[in-house]
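First comes the structure, then the notes that go with it.
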Amino acid sequence: MNWFVSAGSRPQAPVRLFCLPYAGAGASAFREWQRAFGADVEVLPVQLPGRENRISEDPNFTVADVAAAIAGRADRPYAIYGHSMGGRVGFEVVRELRRTGGPLPLRLYVGGARAPHVDDASLFDGLSTVDDEELLRRLGDGGGLPPEVLAHPELVELLLPLLRADFGRVDSYRYVPGEPLPVPLVAFSGRSDRAVSHAQSAAWERHTAAGFTLHEIDGGHFFLNERLPELVAAIRADLTDALRGAAAVRVAGAHGTVPAPDGPAEPTAIDPTGDGADEAGAHRVPLGDTGWSVWRDAILRTTGFPADGLTALSAPQAAAAADDLLATGDGAERFDKEFAEALTAAAGRLNELAADPLLREAVTWQNRNALLALDGLARAGADAPRNVRRRDRERALLKYWQRYCGKNETVGFFGPSCWVTLDPEQADTARVRPGPALTRRRWVWFESWALSAYADTVGADLAVRQWWPPLLQPHLSLRDRSVLRPGRPPVTLTPVEAALLAAADGHRSARDLVADPAIGLRRPDDGYALLDRLVERELITWDANLPVAPDAEAALPARIDATGDEPARLAALAGLDRLRAARDEVADAAGDPDRLRVAGRGRGGPRAGPARRRWRR
């Protein structure tokens, strides 16, 4: 098993920083840290079991395992940072290293964490025992999960077992008194943290005999995301002082060895796996001896219609009569009778399906024009003559019905999904844990292409677009006055073009760039025209730069808010509000095919419009 997620080996870095995440998080909580610290600190986020690339493993872990993993990588001076739950885990890891004679860190950094002995009531007490809704409500109210996580229900659902395991650890933690650590301890407290108070952070002072510092960060419980540069600057400055103090000595003795930065000492090598077992592939389930495997954890996606609907229009008695007639040449009258009865039964069933609210809603979402066929069948009744028009309508209905019942996938713009785990040891074919309703939640969101189209529309006005930053296309690179293109000849630029491209870093607005005298433009209008030509030549992007993800809707207002021209900004936001109102009108019609059809007709239709709907079981 791999306990660490590295952004790349840095053998020349004089110090390592091991990072322990908060409850429910994995190593990706520190994904921006390596870039923020630079090349002289090697950041090694600890990947605890049960999360991200270790999601198939039991999320429960022991402090001894974490301590052994860190000791196995302590071939140079190092420090530990733990956030929230990770702070107490880091504290217990250092205690374990002291107990086993392992190498101790230069510093223990804790952020957003109550001191180990503090047992004051907390917003997050007892979360391991409440139901899902209460757990998520209290986490949202108390700031115990980043808002960007709570905004994605499918991610929250995946995290629930992990959250319960982690908060079980939090609820069951009991501080065992002991000697203060022989390691300097630095605590960070968020000024607006609703989960951990300043006093609870200051209480860490009693747990070190080597010096204590408390920093206040201008942020909430997740200041490690909100105020990362400020946090990194404080840690970097403190690490620099720590290295300076350790540069000429090696501290050896009963508590292990800390190497000096100018060369490795004999590290305490401990097998981080405990038994050396290779668990590669534990996330897969072999399909017998075929050499093929499937993922152990998966998302089961469907259209939401029953598979046995495929047999709803079957006619076994007519089929048997046809077989007898073909085999013996006798029984024509019996076949005619069975066939006529099968046609009558099928006509009645098709009429029922044409009026079925669930089917009509699904067809409305996929292709509103196809409702004409269903309307015609329902209006004519089961006894209508089976002419060409009726047969065409029946075929249209059957195309959707068979697809919905037979496809093991969501269709177009709708469909429920749920998490499943494959267990080859389980005797039952399936073990299902249904909730109180058919689905837990249903929602409608914009697809990113639709929001990009709206952004392009408002960005056609230079009053808006001038506030958006141009950026060199990601697959290109600029070298002096040449743009290098993979597999194609380089593009030679004029001096002004080269200066403009060099300054277009994706952060400076076009308005700022064209006013920069260092670029050499005669007037701003020339700069805007030049940017347009660079876009046409596919050398830069100059748009809202929205992510291709569900959070594009949150990103677009922020892009528009950057507009300094107030009338243009207000007009763009008003248009977005109208677009959202249209989406909400469609969403509010959920479960009512007639309302959905009317809402779709007024707004361009669910199929033609920019909305996408999902359910979660």
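The values are calculated or read from the model by the stated rules, or taken from the named source; none is laboratory data. Because the structure is predicted, anything quoted here is derived from the model rather than measured. Methodologically, a virtual Cβ is constructed for each residue, glycine included, from the backbone with ideal geometry; neighbour enumeration extends over all protein chains shown. Each accessible area value is taken on the protein alone, full model and side chains, heavy atoms only, with ligands, DNA and RNA left out. Shrake-Rupley method; radii C 1.70, N 1.55, O 1.52, S 1.80 Å.
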Exercise. For region 87-143, enumerate the residues that are open to solvent by less than 30 Å² (accessible area, probe 1.4 Å), within 15 Å of E205 (Cβ to Cβ) and not β-branched (V, I, T).
Key: G87, F91, L108, Y109, A113, A115, P116
Exercise. Go through (1) in contact with a helix residue (DSSP H, G or I) (Cβ under 6 Å, 6 or more places away or on another chain); (2) basic (K, R); (3) more than 19 Å from L570 (Cβ to Cβ) one by one and return the number of the condition R465 breaks.
Key: (3)
Quiz item: Of the residues that make up region 511-522, is at least one within 34 Å of the chain's Cα centre (by Cα), within 23 Å of L576 (Cβ to Cβ) and in contact (Cβ under 8 Å) with a residue 12 or more places away in the chain?
Solution: yes
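Residues checked against (1) of a type outside the set (A, V, I, L, M, F, W, C); (2) in contact (Cβ under 8 Å) with a residue 60 or more places away in the chain:
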site: N545; (1), (2): yes, yes
site: E553; (1), (2): yes, yes
site: I560; (1), (2): no, yes
site: A568; (1), (2): no, yes
site: A574; (1), (2): no, no
site: R578; (1), (2): yes, no
Quiz item: For V232, which of the numbered conditions (1) surrounded by fewer than 16 Cβ atoms within 10 Å (Cβ to Cβ); (2) closer than 22 Å to R76 by Cβ; (3) modelled with pLDDT of 85 or more fails to hold?
Solution: (1)
Quiz item: Of these, D392, D330, D383, which one is under 50 Å from the mean Cα position of the chain (by Cα) and not basic (K, R)?
Solution: D392
Exercise. Pick out the one residue from D577, D565, D561 that is over 17 Å from E447 (Cα atoms), within 28 Å of the chain's Cα centre (by Cα) and among the charged types (D, E, K, R).
Key: D561
Quiz prompt | Residues of region 71-81 satisfying the condition of being touching a Gly at 6+ places or on another chain (Cβ under 8 Å) and either open to solvent by 10 Å² or more (accessible area, probe 1.4 Å) or among the aliphatic types (A, V, I, L, M) (or both) | solution = A71, A74, I80
Quiz prompt | Residues of region 176-195 classified as assigned to a loop (DSSP other than H, G, I, E, B) and either within 24 Å of P103 (Cβ to Cβ) or open to solvent by less than 50 Å² (accessible area, probe 1.4 Å) (or both), total | solution = 9
Practice problem: Could you please tell me which pairs satisfy a Cβ distance under 9 Å, a separation of 6+ or placement on different chains, a first residue in region 288-316 that is charged (D, E, K, R), and a second residue that is surrounded by 11 or more Cβ atoms within 10 Å (Cβ to Cβ) and in a helix (DSSP H, G or I)? | Solution: D297/L158; D308/C405
Quiz item: Can you tell me how many residues in region 366-403 are out of contact with any Gly (no Cβ under 7 Å at 6 or more places or on another chain), in a helix (DSSP H, G or I) and open to solvent by less than 50 Å² (accessible area, probe 1.4 Å)?
Solution: 14
Quiz item: Given the structure, is A252 modelled with pLDDT under 50 and touching a Ser or Thr at 6+ places or on another chain (Cβ under 7 Å)?
Solution: no
Exercise. Return the total of residues in region 534-572 being more than 22 Å from P474 (Cα to Cα) and among the polar types (S, T, N, Q).
Key: 1
Quiz prompt | Residue list for region 546-604, filter: surrounded by 14 or more Cβ atoms within 10 Å (Cβ to Cβ) and of a type in the set (D, E) | solution = D551, E553, D565, E585, D592
Quiz item: Going by the conditions given, is A555 under 30 Å from W365 (Cα atoms) and either in contact with a Lys or Arg (Cβ under 7 Å, 6 or more places away or on another chain) or not aliphatic (A, V, I, L, M) (or both)?
Solution: no
Quiz item: Looking at region 196-219, which of its residues are open to solvent by 10 Å² or more (accessible area, probe 1.4 Å), small (G, A, S) and within 16 Å of R114 (Cβ to Cβ)?
Solution: S197, A199, A202, A203
